[in-house]
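Working notes, structure below.
The values are calculated or read from the model by the stated rules, or taken from the named source; none is laboratory data. This structure is a prediction, so every number in the text was calculated from the model and none was measured. No Cβ is skipped: glycine too gets one built from the backbone with ideal geometry, and neighbour counts run over all protein chains shown. All accessible areas refer to the heavy atoms of the entire protein, side chains included, with ligands and DNA or RNA removed. Shrake-Rupley method; radii C 1.70, N 1.55, O 1.52, S 1.80 Å.
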Amino acid sequence: MAKLNVAQALNAALAQALEADETVIVLGEDVGKDGGVFRITDGLLDRFGKERVIDTPLAESGIVGTSVGLAIAGMKPVAEIQFLGFIYETMDQIASQAARVRFRSLGRFSAPMVIRTPYGGGVKAPEIHSDSLEALFTHTPGIKVVTPSNPYDAKGLLLAAIDDPDPVLFLEPMRLYRAFRDEVPDEPYRLPLGKASVVREGTDITLIGWGPSVPLLKAAADELTARHDISAEVIDLMTLTPLDEETIVESVKRTQRAVVVHEAVRTSGFGGEIAAVLQEKAFLYLEAPIFRVTGYDTPYPTTMFEDLWLPDTTQIVATALDAIRY
Amino acid sequence: MGDVSELFPLIVRMDEDGELVGDLGLVTKQDLVDVYREMRLLRAFDERAWNLQRQGVIGTYAPFKGQEAAQLGATKPLDDSDWLVPTYRDWAAGYVRGVPVTHGLFFSKGHPRVGDVPKSANVLPAQVVIGAQTLHGVGVAWAAKLKHERTATVVTFGDGSTSQGDFHEAMNFASVFSVPLIFFCENNQWAISVPIERQMRAKTIAQRALAYDMEGYRVDGNDYVAVYNLIAELAGRVRNGEGPFLVEAVTYRLGAHTTADDPSKYRVEAEEERWARRDPISRIEKFLLRESLIDEEQIQAVDVAAKAWVEEVLADFKAELSISSSVLFQSVYAEMPQSLANQFDQYMKRVKEVGA
Ligand SMILES: Cc1ncc(C[n+]2csc(CCOP(=O)(O)OP(=O)(O)O)c2C)c(N)n1
């Protein structure tokens with residue numbers, strides 16, 4: 001067991017997937033020689049050669065569209081989109097092509113592939129490099145949306161995503177790539193997709209989030225206990241679609257209150273979906289409306305105002321108190 | 001710079017009068033008798049599909065009338081292990097590769113079976129998003145290369161598609177990774193109402209190959225003999241590790257864009273008449289008559305056979321129309337997620353209620 005950060009854990013997962021299965025290939029902009037702009041694919045080209053770790057031309061639709069064909073014909077492409085903000089370039093190839101191959105062909109063909117991409121703010125990146133666009137894809141049937149929040153999950157989820165028979169959009173919180181280290185087993189292991197995790201148990205309120213928000217939820221839970229004697233349960237969704245409704249509904253039935261947190265803009269964000277599911281399935285248990293702490297309905301700001309824009313622990317604590325006192 | 005279109009002269013072997021201006025190459029006279037018959041059958045199907053839409057039996061249909069030589073020439077030379085990546089207008093091409101023409105009717109009917117390509121056929125479901133399939137073609141061919149399989153892939157698309165970014169990304173990826181692929185453009189002169197001169201300033205589509213350091217060819221798409229020989233040669237080279245190639249088949253959409261379109265709004269009759277004289281079927285007929293490979297009586301027999309065949313197709317179509325409405329939920333994911341299963345239950349209740 002080694003202490004790895006998220007970036008290293010992802011790198012280890014990719015190496016093991018390439019090692020175990022000849023059909024796995026890694027492709028994208030700068031993923032070869034450079035090892036990716038975040039070094040997630042570092043060293044893979046040397047180990048596995050340029051037929052399997054492929055520097056592609058600079059064209060997102062090309063990367064995903066050729067991956068669809070590769071996957072249909074039996075390869076297991078793990079494509080990298082350099083930043084989630086550039087995913088619009090390949091919207092059709094993801095939403096209308098990869099996600100629909102199985103449906104369109106009544107199961108005759110499928111496109112098992114992974115699209116890895118860094119996302120989220122807080123790293124003072126240029127315009128378009130920090131956007132959280134997960135809701136575009138949770139709104140797309142046929143593709144799964146997965147996002148880890150720590151090194152252990154990062155490795156287990158990525159290996160599961162590569163094994164999955166359906167296309168998976170794998171969102172990597174940019175801000176957490178090197179934020180901390182965890183014990184990560186050396187051997188390959190898989191965490192089930194579609195399963196949320198209760199990362200902290202509590203009795204008074206449920207805080208729900210994913211990816212880059214999870215550390216904020218934990219910090220908020222700490223503060224709620226320390227300063228307000230409130231016991232908060234924290235749920236890391238890990239997979240957004242398919243959504244693990246059972247875990248969140250079961251939790252909220254116990255705590256009777258919930259706050260959903262995401263960096264993405266508020267309107268039509270995935271938090272609205274969580275709130276809808278909870279009120280449909282736990283309505284009579286609720287003691288307060290389900291509140292959201294999210295980005296604002298503006299384009300992601302330039303770095304000067306980034307910290308003011310992003311949800312923070314203070315907001316989460318304040319909103320949780322609103323729910324408690326409602 | 002000189003006129004680079006001159007580097008891409010039109011390849012013709014049999015002219016519109018059915019005269020050989022080149023040789024038959026790999027095509028035998030018996031092949032021509034068979035292909036003539038097959039094209040007539042497919043033409044009869046295509047015309048019938050048009051009428052079926054008019055009668056309200058099917059929805060919008062995109063006819064391939066006039067493009068039979070291009071579609072058959074591009075697919076007849078392929079082996080069973082080769083791949084075809086087609087569009088919504090390629091029912092004749094798909095038919096050659098083992099996809100029943102009923103799929104053209106399913107498509108227009110909005111019937112889910114349209115994507116249910118027979119297991120024996122290496123053909124992707126017809127693509128609707130203009131140009132998207134060009135990248136899938138590159139991927140399929142690339143997979144063959146990575147797996148060291150000697151297969152050729154043909155991806156088809158129209159002239160309008162060459163304006164899409166995906167087409168250019170596909171050409172570039174294919175070229176950079178030297179994938180065993182034939183880009184086969186059915187240049188039927190029109191993208192709905194927009195003529196080729198509005199898609200591009202270049203005189204030919206074939207010359208697009210230059211920018212990607214690819215071999216490009218411009219062939220008379222209404223000349224089966226020319227298209228067949230070209231594709232047979234290129235498919236052989238592709239299987240031996242060469243490629244990619246770009247082929248522009250110059251043809252014409254004799255009918256409307258779809259049953260929802262009225263071409264008299266944007267093109268003149270004289271043009272349609274000019275192209276009707278270059279019909280891919282009539283030139284083979286003229287050749288066969290002149291060579292005494294067929295006579296008037298046999299031509300009429302083909303008429304009868306075509307009618308009978310179309311009836312069979314329609315019978316198959318009707319027999320296969322019934323399909324469980326549960327199909328809607330079954331192929332979204334390999335395994336149905338719980339949240340979707342809940343919706344499926346509700347849906348099936350509704351199905352029961354309305355008695356669908
Ligand atoms: C991305 C996209 N944009 C627009 C359309 C609507 N559309 C359908 S067919 C067509 C023209 C296509 O022309 P071409 O590629 O030349 O093929 P043809 O129909 O002539 O065979 C258009 C604009 C579409 N299907 N997809």
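Any idea which residue in region A:176-229 is nearest to A:ASP166 (Cα to Cα), counting only those that are hydroxyl-bearing (Ser, Thr, Tyr) and in contact (Cβ under 8 Å) with a residue 40 or more places away in the chain? In this case the residue turns out to be A:SER197. Taking the listed residues B:ALA260, B:ALA319, the one that is at pLDDT below 95, loosely packed, with under 15 Cβ neighbours inside 10 Å and not polar (S, T, N, Q) is B:ALA260, with no other qualifying. When B:VAL194 is tested against (1) away from the ligand (no atom under 16 Å from the Cβ); (2) β-branched (Val, Ile, Thr); (3) at pLDDT below 95, exactly one condition is not met: (1). Within region B:53-70, if we keep just the residues that are touching a Ser or Thr at 6+ places or on another chain (Cβ under 8 Å) and assigned to a helix (DSSP H, G or I), the residue that is surrounded by the most Cβ atoms within 10 Å (Cβ to Cβ) turns out to be B:ALA70. Looking only at residues in region B:197-220 that are open to solvent by 10 Å² or more (accessible area, probe 1.4 Å) and part of a helix (DSSP H, G or I), the one that is nearest to the ligand (Cβ to nearest atom) is B:GLN199. Between a first residue in region B:68-90 that is hydroxyl-bearing (Ser, Thr, Tyr) and within 11 Å of the ligand (Cβ to nearest atom) and a second residue that is in a loop (DSSP other than H, G, I, E, B) and open to solvent by 20 Å² or more (accessible area, probe 1.4 Å), which pairs have beta carbons less than 8 Å apart while being 6 or more apart in sequence or on different chains? Filtered contacts from region B:68-90: B:THR87/B:VAL128; B:TYR88/B:VAL128.
In the set (1) at negative phi; (2) open to solvent by less than 10 Å² (accessible area, probe 1.4 Å); (3) in a loop (DSSP other than H, G, I, E, B); (4) not assigned by TED's automatic domain parsing to the domain that holds A:ARG257, A:PRO165 fails one condition alone, (2).
Looking at region A:226-267 only, could you name the residues that are open to solvent by 30 Å² or more (accessible area, probe 1.4 Å), in contact with a helix residue (DSSP H, G or I) (Cβ under 6 Å, 6 or more places away or on another chain) and more than 14 Å from chain B (Cβ to nearest Cβ)? Of everything in region A:226-267, those that are open to solvent by 30 Å² or more (accessible area, probe 1.4 Å), in contact with a helix residue (DSSP H, G or I) (Cβ under 6 Å, 6 or more places away or on another chain) and more than 14 Å from chain B (Cβ to nearest Cβ) turn out to be A:LYS253, A:GLN256, A:ARG257.
Within the group B:LEU32, B:LEU42, B:LEU26, which residue is within 23 Å of the chain's Cα centre (by Cα), in the same structural domain as B:PRO280 (by TED's automatic domain parsing) and in a loop (DSSP other than H, G, I, E, B)? Lay out the reasoning, then the answer.
Numbers: B:LEU32 fails: in a loop (DSSP other than H, G, I, E, B); B:LEU42 fails: in a loop (DSSP other than H, G, I, E, B).
Just one listed residue meets the conditions, B:LEU26.
Taken over region A:138-161, the residue count meeting the criterion of being within 14 Å of chain B (Cβ to nearest Cβ) and part of a helix (DSSP H, G or I) is 3. The single condition among (1) within 16 Å of the ligand (Cβ to nearest atom); (2) surrounded by 24 or more Cβ atoms within 10 Å (Cβ to Cβ); (3) more than 14 Å from the chain's Cα centre (by Cα) that B:VAL114 does not satisfy is (2). Of all residues in region A:93-104, exactly one satisfies the criterion of being at the interface with chain B (Cβ under 7 Å from one of its Cβ atoms) and surrounded by fewer than 20 Cβ atoms within 10 Å (Cβ to Cβ), namely A:SER96.
Out of the residues in region B:305-345 that are away from chain A (no Cβ under 12 Å) and among the polar types (S, T, N, Q), state the one that is farthest from B:ALA49 (Cα to Cα). Top of the filtered list is B:SER325.
Go through B:ALA341, B:ALA256 for me and flag whichever is of a type in the set (Gly, Ala, Ser), at negative phi and assigned by TED's automatic domain parsing to the domain that holds B:TYR36. Steps first, please.
Values: B:ALA341 fails: assigned by TED's automatic domain parsing to the domain that holds B:TYR36.
Unique residue meeting the criteria: B:ALA256.
Can we say A:GLY65 is at the interface with chain B (Cβ under 8 Å from one of its Cβ atoms) and open to solvent by less than 10 Å² (accessible area, probe 1.4 Å)? Answer is yes for this residue.
Looking at B:ALA143, B:ALA152, can you tell me which residue is touching an Asp or Glu at 6+ places or on another chain (Cβ under 6 Å) and assigned by TED's automatic domain parsing to the domain that holds B:ALA235? Lay out the reasoning, then the answer.
Values: B:ALA143 fails: touching an Asp or Glu at 6+ places or on another chain (Cβ under 6 Å).
Only one candidate qualifies: B:ALA152.
Just to verify a result, which residue in region A:189-208, among those that are away from chain B (no Cβ under 14 Å) and open to solvent by 70 Å² or more (accessible area, probe 1.4 Å), is farthest from A:SER149 (Cα to Cα)? Taking the candidates together, the pick is A:THR203.
Scanning region B:147-190 for residues that are more than 9 Å from chain A (Cβ to nearest Cβ), in a helix (DSSP H, G or I) and under 19 Å from A:ASP55 (Cβ atoms) returns B:MET171, B:SER175.
With the structure loaded, tell me whether B:GLU297 is at pLDDT 95 or above and open to solvent by 60 Å² or more (accessible area, probe 1.4 Å) or whether it fails that test. So B:GLU297 fits the description; yes. Tell me yes or no: at least one residue of region A:249-258 is closer than 23 Å to A:GLU134 by Cα, outside any loop (DSSP other than H, G, I, E, B) and not polar (S, T, N, Q). Within region A:249-258, one or more residues are closer than 23 Å to A:GLU134 by Cα, outside any loop (DSSP other than H, G, I, E, B) and not polar (S, T, N, Q).
Per the conditions (1) of a type outside the set (Lys, Arg); (2) more than 9 Å from chain A (Cβ to nearest Cβ); (3) surrounded by fewer than 24 Cβ atoms within 10 Å (Cβ to Cβ), the sole criterion not satisfied by B:ASP223 is (3). Helices (runs of 4 or more DSSP H) fully within region B:274-347 that include at least 3 residues being without any contact (Cβ under 8 Å) to a residue 60 or more places away in the chain: B:296-319.
B:PHE287 meets all of the listed conditions (1) touching a strand residue (DSSP E or B) at 6+ places or on another chain (Cβ under 7 Å); (2) within 16 Å of the ligand (Cβ to nearest atom) but one, namely (2).
Among the residues of region B:117-168, those that are of a type in the set (Gly, Ala, Ser), within 16 Å of the ligand (Cβ to nearest atom) and in contact with a helix residue (DSSP H, G or I) (Cβ under 9 Å, 6 or more places away or on another chain) comprise B:ALA126, B:GLY131, B:ALA132, B:GLY137, B:GLY160, B:SER161, B:SER163, B:GLY165.
Scan region B:225-242 and tell me whether some residue there is in a loop (DSSP other than H, G, I, E, B) and within 16 Å of the ligand (Cβ to nearest atom). The answer is no, given that none of the residues of region B:225-242 is in a loop (DSSP other than H, G, I, E, B) and within 16 Å of the ligand (Cβ to nearest atom).
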